[in-house]
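What follows is a set of notes on a single structure, which appears directly below.
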Amino acid sequence: MGEQFAFEEKQYLGRDMTWVSVRLILALFCFVAYYLNIDHIVSSQLFFITGVGILFVSILMLYMISYRTLVQDHKLTLSGLWTTSLVKIDLRSIAKVEVKPYNTFIFNNPVYNLHKNGKIRFYSGGKNAVWLTDLDGLIYVIGSQRPNELATAIQAAKS
């Protein structure tokens, strides 16, 4: 029933603070535009409805799991949203484990199993990521809110 994992983390889709800020500023703009409408015409209610809709979607996204990271028995398992495939990485084939910044950009979009420039990326939030290099030279970049704990769990599960 209650399986033990060396590491378990759930990344939520709507909890990245930069995108939360963008959505809140957009909703605030809608409410200010609704309030400042001098003529109070009926179409100004669209601003109010849009602002409430943005807040509602933001609250819903706070509880949507983007992906789940598990470290257990010489494997790293990443399971994503509804229709995404399950990714299992054999930790015995990992040559190097590093904790480095995910990216130099301020805004980073959530990605799951993105193959680009010889790297496979998994990211939902956080500044740092765990960079795994396997024996074939393929690089996995796994974003995490707790990258040091993830790297320690991977090192422990490797040996």
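Carbon-plus-sulfur accessible fraction, the chain (probe radius 1.4 Å, protein heavy atoms only): 62%. Estimate the FRET efficiency between Arg23 and Leu86 by the formula 1/(1 + (r/R0)^6), using the beta-carbon distance for r and 30 Å for R0, to the nearest 0.05. Using R0 = 30 Å, I get an efficiency of 0.50.
Entry for the stretch 1-123 at q = 0.12, 0.17, 0.18, 0.22 Å⁻¹: log10 I(q)/I(0) = -0.63, -0.98, -1.05, -1.31, Debye formula applied to identical alpha-carbon scatterers, no solvent contribution. Is the shape of the stretch 71-113 rounded, prolate or oblate, going by the alpha carbon gyration tensor and its root eigenvalues a ≥ b ≥ c, with a/c under 1.5 for rounded and a/b larger than b/c for prolate? Note, shape of the stretch 71-113 comes out oblate. As a length-normalised measure over Cα pairs under 8 Å and 6 or more apart, the relative contact order of the stretch 69-158 settles at 28 percent. Specify the angular offset, from 0 to 90 degrees and rounded to the nearest 10, of the alpha carbon long axis of helix 17-35 from the longest principal axis of the alpha carbons in the chain. Tilt of helix 17-35: around 10 degrees.
Cross-linked pairs Lys88/Lys116; Lys116/Lys158; Lys10/Lys127; Lys127/Lys158; Lys10/Lys116; Lys10/Lys119: Cα-Cα separations exceed 20 Å for Lys116/Lys158; Lys127/Lys158; Lys10/Lys116; Lys10/Lys119.
A full extension of the chain between Glu149 and His74 corresponds to an added length of 25.4 nm, given 0.36 nm per residue minus the alpha carbon distance.
For the stretch 69-158, the spread of Cα coordinates along the three principal axes comes to 33, 29, 24 Å, biggest extent given first.
Taken over the stretch 12-63, the convex hull of the Cα atoms encloses 47 Å³ per residue. Computed over protein heavy atoms with a 1.4 Å probe, the accessible surface of the stretch 12-63 works out to 74 Å² per residue. Considering only beta bridges that DSSP places wholly inside the chain, some 90 percent are antiparallel.
Scoring 62-70, 84-92 by mean Cβ neighbours within 10 Å over their residues and listing the highest first yields 62-70, 84-92.
The values are calculated or read from the model by the stated rules, or taken from the named source; none is laboratory data. Owing to the predicted nature of the structure, the values given are computational and were not obtained by experimental measurement. All Cβ positions, even for glycine, are placed from backbone atoms using ideal geometry, and neighbour counts span all protein chains on display. Ligands, DNA and RNA are excluded from the accessible area calculation, which covers all protein heavy atoms including side chains. Shrake-Rupley method; radii C 1.70, N 1.55, O 1.52, S 1.80 Å.
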